[in-house]
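Computed from the coordinates by the stated procedures, all read-outs in this text should not be read as laboratory data. Only a predicted model underlies this, so the values are computations on that prediction, with no experimental measurement involved. Note that each Cβ is placed from the backbone with ideal geometry, even for glycine, and that neighbours are counted across all protein chains shown.
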Amino acid sequence: MKLEILNNYSEMVAVAADIFAKQISEKPDSVLCLATGSTPVGVYQNLIKKVENKEISFKDVKTFNLDEYQGLDANHPESYRYFMNDNLFNHIDINIDNTKVPSGVGNLDEIAKEYDAAIDAAGGIDLLILGIGSNGHIAFNEPGTPFGSYTHTLKLDERTRMDNARFFDGNIDEVPTHAITMGIYSIIRAKKIILLANGKHKARAVKETVQGEITTDVPASILQVHPDVTIIMDHDAASFLGD
Ligand code: PGA
């Protein structure tokens, strides 16, 4: 694992956006896997600027997203499809047909089965970005998820629903109880992975991910076995790391 400890969030997202830019410059038809949540927003803002400045183009890029809430359709402002359109896709030169977010409505078991096949058909993921939950989850792979899992449906942890209630006017009852997510195996098959973490509330999860036992109790700990992972964090998120 490569660790990048930076002074603040804006330095973190600049470094992450540069990794994306390099990937797209070297392989214009890259397959990217994108994340939602508050952490990656600044990365997307930097990428939009790079497109505006003509440093990069998403013309031939394909994207997959990690996850989606069950029951929220693309028009729901808290759906991850809406988030991606709003925070990135509507502002860059990507072909929207080349952007995939697992649908949260319909036959989710079928949708899950087809999702990994679609990733394979696209040639696999070149670069994948992750946030991390305060419980160590990656995407919606909550503690206990098998490392060999493919895209699947699941019941969300109460801690995750509490963490995400801030997006639903603080009302946990509005947060969906279930979701669809790429599995841990779907994620670690990506050629290159970057994980971003900022803030004290992520420090415990970061420590367990980097220096803890590899255990399904901390889904992100599996990243220790991946050959090309960079964790980009601020001093607060790194504050529990010891020698
Ligand atoms: P956050 O979520 O970026 O909103 O902190 C991260 C996650 O739960 O994976």
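The dipole here belongs to the chain: it is taken about the Cα centre, uses +1 on the Cβ of Lys and Arg and -1 on the Cβ of Asp and Glu, and is about 460 debye. Each of HIS178, PHE147, ASN164 was placed along the dipole of region 146-188 (beta-carbon charges, centred on the mean Cα), and the one lying farthest toward the positive end is PHE147. The dipole here belongs to region 156-243: it is taken about the Cα centre, uses +1 on the Cβ of Lys and Arg and -1 on the Cβ of Asp and Glu, and is about 320 debye. Express the Stokes-Einstein translational diffusion coefficient of region 86-243 in µm² s⁻¹, to the nearest whole number, given a Kirkwood radius over alpha-carbon pairs, 4 °C and a viscosity of 1.567 mPa s. Translational D for this selection: 78 µm²/s. Take the residue pairs LYS100/LYS192; LYS50/LYS113; LYS49/LYS113; LYS113/LYS207; LYS59/LYS191 and return only those whose Cα atoms are more than 29 Å apart. In this structure, LYS50/LYS113; LYS49/LYS113; LYS113/LYS207 exceed 29 Å between Cα atoms. The distance between label points at GLU110 and ASN8 comes to 5.0 nm (points 7 Å beyond Cα on the Cα→Cβ vector). In this label model, ASP157 and ILE48 are separated by 3.1 nm, measuring between points 7 Å along each Cα→Cβ vector. Residue separation of ASP73 and ASN85 scaled by 0.36 nm, minus their Cα-Cα distance, works out to 3.0 nm of gained length.
Mean residue ellipticity, 222 nm, helices only, the chain: the sum of -39500 (n - 2.57) across DSSP H runs of n ≥ 4, divided by residue count and rounded to 500, is -9000 deg cm²/dmol.
Between PHE240 and GLU213, the contour length at 0.36 nm per residue exceeds the Cα-Cα span by 8.2 nm. When the trypsin sites (Lys or Arg not before Pro) in region 53-101 are filtered for DSSP coil states and for at most 16 other beta-carbon atoms within 10 Å of their beta-carbon, the remaining sites are LYS54, LYS59.
Take the alpha carbon gyration tensor of region 43-122, find the square roots of its eigenvalues, order them as a ≥ b ≥ c, and report rounded if a/c is under 1.5; if not, report prolate when a/b exceeds b/c, else oblate. Here region 43-122 falls in the oblate category.
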